[in-house]
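The values are calculated or read from the model by the stated rules, or taken from the named source; none is laboratory data. What you are looking at is a predicted structure, and each value in this text was computed from that prediction instead of being measured. Every residue, glycine as well, gets a Cβ built from its backbone with ideal geometry; the counts of neighbours run over all protein chains shown.
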Amino acid sequence: MKFWLTGALALGVLAAGTPALAQKKSNSGYTTGIGLRAGGWSSGLTVKHFLSGKNGVAVEGLLTREYAARGGRLTLLLEKHLPISDFKGLQFYYGAGAHLGVYQGRYYFEDSRFGRKKNRYYYDDQNQLVAGADLILGLEYKLPDLPFVVALDYKPFFEVFRGYTGLYNDAAVSLRFVF
């Protein structure tokens, strides 16, 4: 519970920004967006805030639930937005960031190639602290005359936990209320 409260507080601070940063709207037509992200590996809250008016740089925070690993993650991403000139309101974005999280137990396989152990699955019910690096590529569309943005993204991430590493692919659809 402490993880979720800390993550929600961090996203709240990110959403609030500072008055100096929120003076001008970005090329995307909004300054801050708060909403939901529905993904393959994880789903949860998303907050995006543009750092300054016209350069298209944004910080995105994700507080997500990791269903397969029974845990959660806090991800921070720095993104560059580029408008697609032929289609008003549509932007391409890319970026990178990092995440921290906690997973509750996991299944793992013990190998017997060296003759000491048998092949079997184990369940470890301890909480595991995880950390990793993220990339993101996406398209975002600001709905005309409505305060909403719809985004589609691909977010591969690398993760390290308890000596294990993994490279995962995640894709998601996000809907944000923008102001």
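Taking the criterion of being under 14 Å from the mean Cα position of the chain (by Cα), among the small types (Gly, Ala, Ser), modelled with pLDDT under 95 and closer than 23 Å to LEU152 by Cα, would at least one residue in segment 61-69 satisfy it? Please lay out each step first, then the result.
Of segment 61-69, the ones under 14 Å from the mean Cα position of the chain (by Cα) are 61-66.
Then drop every residue that is not among the small types (Gly, Ala, Ser), which leaves 61.
After this cut, where a residue has to be modelled with pLDDT under 95 as well, the list is none.
Looking through segment 61-69, none of the residues is under 14 Å from the mean Cα position of the chain (by Cα), among the small types (Gly, Ala, Ser), modelled with pLDDT under 95 and closer than 23 Å to LEU152 by Cα.
Those residues that are more than 16 Å from GLY72 (Cα to Cα) and among the aromatic types (Phe, Trp, Tyr), I need them from segment 158-179; list them, please.
Passing the criteria: TYR164, PHE177, PHE179.
For residues that are crowded, with 18+ Cβ neighbours inside 10 Å, over 14 Å from VAL130 (Cβ atoms) and not aliphatic (A, V, I, L, M), tally how many sit in segment 40-80.
Residues that pass the stated criteria total 10.
So, in segment 111-147, of the ones that are part of a loop (DSSP other than H, G, I, E, B) and among the hydrophobic types (A, V, I, L, M, F, W, C), which residue ends up modelled with the lowest pLDDT?
Selected residue: PHE114.
Taking GLY105, is it among the small types (Gly, Ala, Ser), crowded, with 17+ Cβ neighbours inside 10 Å and at pLDDT below 95?
On the way: among the small types (Gly, Ala, Ser): yes; crowded, with 17+ Cβ neighbours inside 10 Å: no; at pLDDT below 95: yes.
No: the conditions fail for GLY105.
Please specify each residue of segment 48-75 satisfying the condition of being part of a strand (DSSP E or B) and either free of Cβ contacts under 8 Å to residues at least 40 places away in the same chain or within 16 Å of GLN91 (Cα to Cα) (or both). Break it down stepwise before answering.
Pass one, segment 48-75, residues part of a strand (DSSP E or B): 48-50, 57-66, 71-75.
Across segment 48-75, the qualifying residues are LYS48, HIS49, PHE50, VAL57, ALA58, VAL59, GLU60, LEU62, THR64, ARG65, GLU66.
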